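Just so it is clear, none of the values below were taken in a lab; they were calculated from the coordinates. Small disclaimer: the values here were computed from a predicted structure and weren't measured. Quick reminder, even Gly has a Cβ in these numbers, built from the backbone with ideal geometry, and neighbours come from all protein chains shown.
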Amino acid sequence: MSVTYKELGLSNTKEMFERAMKGQYAVPAYNFNNLEQLQAIIYGCIESKSPVIVQVSKGARNYANSTLLRYMAMGAVEMAKKEMGSNIPIALHLDHGDSFELCKSCIDNGFSSVMIDGSHLPYDENVALTKQVVEYAHERDVTVEGELGVLAGIEDEVSSEVTHYTKPEEVEDFVKKTGVDSLAISIGTSHGAYKFKLKPGESVPPLRFDILEECEKRIPGFPIVLHGSSSVLPKYVDMINHYGGKMESAVGVPEEQLRKAAGSAVCKINIDTDGRMVVTAIVRKVFVENPSEFDPRKYLGPARDELKKMIMDKNRNVLGSADRY
Ligand code: G3H
Ligand code: 13P
Ligand code: ZN
């Protein structure tokens, strides 16, 4: 049985991005796979009064079960609006959709927004696939994110060794031909915890803001999306390593650069790795300090609480999305 996102009380990203563009901030898009991550995201965004996009990859959807996900999203909305009296908009978004069928299935199961990632395809095939998704989605008032340019690292089943920066000369034609609502571009970020290979003493190179500016000029006022935007916070790298983990050369995008991007046409910033690392750091700490603990609430609970704090901090100090609702 199919269901629309409106029946679940969710919002698409249209108005969220209009407000973000005017207010010069970015809407956070946090990935989740389980109950505790979803709780942390929703609690953190309610408390910081931030709009939020909760997103699931194909892998996360398989992990969580698509029927269960639908009711988790509905539960999150009901909890936020009815129980906690919050008016923040909540979008449920498919991250890195890789086929029309997957996007359709998500739309039919209550997603309010989908990404169709044809970035690895030849340009014309990317246009055709994206257009097909847009046609199905727009008939149902669901918003669509497309992508031009390839980020290094893993994008679900698609992975690339090297970065292919977005070609600004393609963006206008792509947006016009496909009808997408937002566009992910590649300006030097990448997925995961090892975004830059630095030699000792070297600092992280700046993102290619020149490419971002060129894109903005060609599609003025159009919402741009940044993937691979975790900062790989040193606090949690250190905790993970201190409590028996091994993530020595992990490095991410400095927060100042994300803050700068959020003030531009970048309306959505994707964060997954930072959330994963918080959970891992806290679970490791609890296990080292309390080796006899075996109640999942005693290690997932503290991980959830720390994740909520991290989310509030991102919204307030990096994306600028706090206190907007
Ligand atoms: O961009 C990828 C996201 O971080 C999701 O990762 O495919 O391992 O769930 P995943
Ligand atoms: P990170 O790996 O930097 O968190 O990027 C997440 C992302 O882009 C999800 O689509
Ligand atoms: Zn991504």
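Could you calculate the contour length gain from residue 255 to residue 204, that is, 0.36 nm times the residue separation minus the distance between their Cα atoms, to one decimal place in nm?
Result for the pair: 17.2 nm of gain on full extension.
Between residue 287 and residue 309, what's the calculated FRET efficiency when r is the beta-carbon distance and R0 is 30 Å? Round to 0.05. Working shown, then result.
Working: r = 20 Å, r/R0 = 0.67.
My answer for the efficiency is 0.90.
When the chain is fully extended, how far beyond the present Cα-Cα distance does residue 34 get from residue 82, taking 0.36 nm per residue of separation?
On the way: separation 48, 0.36 × 48 = 17.28 nm, distance 2.19 nm.
Between residue 34 and residue 82, full extension yields an extra 15.1 nm.
So which GluC sites (Glu not before Pro) in the range 273-325 end up in coil per DSSP with only 15 or fewer other C-beta atoms within 10 Å? Spell out each step's value before the answer.
Values: sites: 289, 293, 306; in loops: 293.
Those that pass, being in a loop and sparsely packed, are 293.
Rounded to whole Å and sorted largest first, what semi-axes of the equivalent ellipsoid does the C-alpha gyration tensor of the range 128-284 yield via the square root of 5 times each eigenvalue? Could the numbers behind the result be given before it?
On the way: eigenvalues 193, 62, 36 Å².
After scaling each eigenvalue by five and taking roots: 31, 18, 13 Å.
Among the lysines, which fall within straight-line cross-link reach of residue 6, defined as a Cα-Cα distance under 17 Å, with same-chain neighbours fewer than 8 residues apart omitted?
In chain and number order, the partners are 14, 81, 82, 104.
Roughly speaking, what is the stretch gain from residue 22 to residue 100, that is 0.36 nm per residue apart minus the C-alpha to C-alpha distance, in nm to one decimal? Walk me through the numbers before you get to the answer.
Numbers: separation 78, 0.36 × 78 = 28.08 nm, distance 3.19 nm.
Result for the pair: 24.9 nm of gain on full extension.
How about the range 199-258: which GluC sites (Glu not before Pro) there are in a DSSP loop, with at most 12 other Cβ atoms within 10 Å of their Cβ? Provide the component values of the computation, followed by the final result.
Values: sites: 202, 213, 214, 216, 248, 255, 256; in loops: 202, 248.
Here the sparse-neighbourhood loop sites are 202, 248.
Could you give the size of the charge dipole of the chain about its Cα centre, using +1 on the Cβ of each K and R and -1 on the Cβ of each D and E, expressed in debye and rounded to the nearest 20? Walk me through the intermediate numbers first.
Details: 38 positive and 46 negative charges, 181 e Å.
The calculation lands at about 880 debye.
Computed from the mean reciprocal separation of all distinct C-alpha pairs, what Kirkwood hydrodynamic radius does the chain have, in Å?
Averaging 1/r across every pair of different Cα atoms and inverting gives 19.8 Å.
Taking only the C-alpha atoms, wrap a convex hull around the range 1-144 and report its volume per residue in Å³ as a whole number. It would help to have the intermediate numbers written out before the result.
Working: hull volume 15.7 nm³, N = 144.
Value for the range 1-144: 109 Å³ per residue.
Which is the longest part of the chain that has none of the trypsin sites (Lys or Arg not before Pro) sitting in a DSSP loop with at most 13 other Cβ atoms within 10 Å?
Values: sites that count: 197, 246.
By the stated rule (loop sites, at most 13 other Cβ atoms within 10 Å), 1-196.
Rounded to the nearest 0.05, what FRET efficiency do residue 242 and residue 165 give with R0 = 35 Å and r taken as the Cβ-Cβ distance? Could you check? Show your work: numbers first, answer last.
Values: r = 36 Å, r/R0 = 1.04.
Between residue 242 and residue 165 the formula returns 0.45.
Taking the Cα centre of each part, how many Å lie between the range 52-97 and the range 188-256?
Measuring centre to centre over Cα atoms gives 26 Å.
Counting just the Cα atoms, what span does the range 178-240 cover along each of its three principal axes? Round to the nearest Å and put the largest first.
So the extents along the principal axes, rounded to whole Å, are 44, 22, 16.
Among 114, 128, 96, pick out the residue whose Cα is farthest towards the positive end of the charge dipole of the range 90-141, where Lys and Arg carry +1 and Asp and Glu carry -1 on C-beta, about the Cα centre.
114
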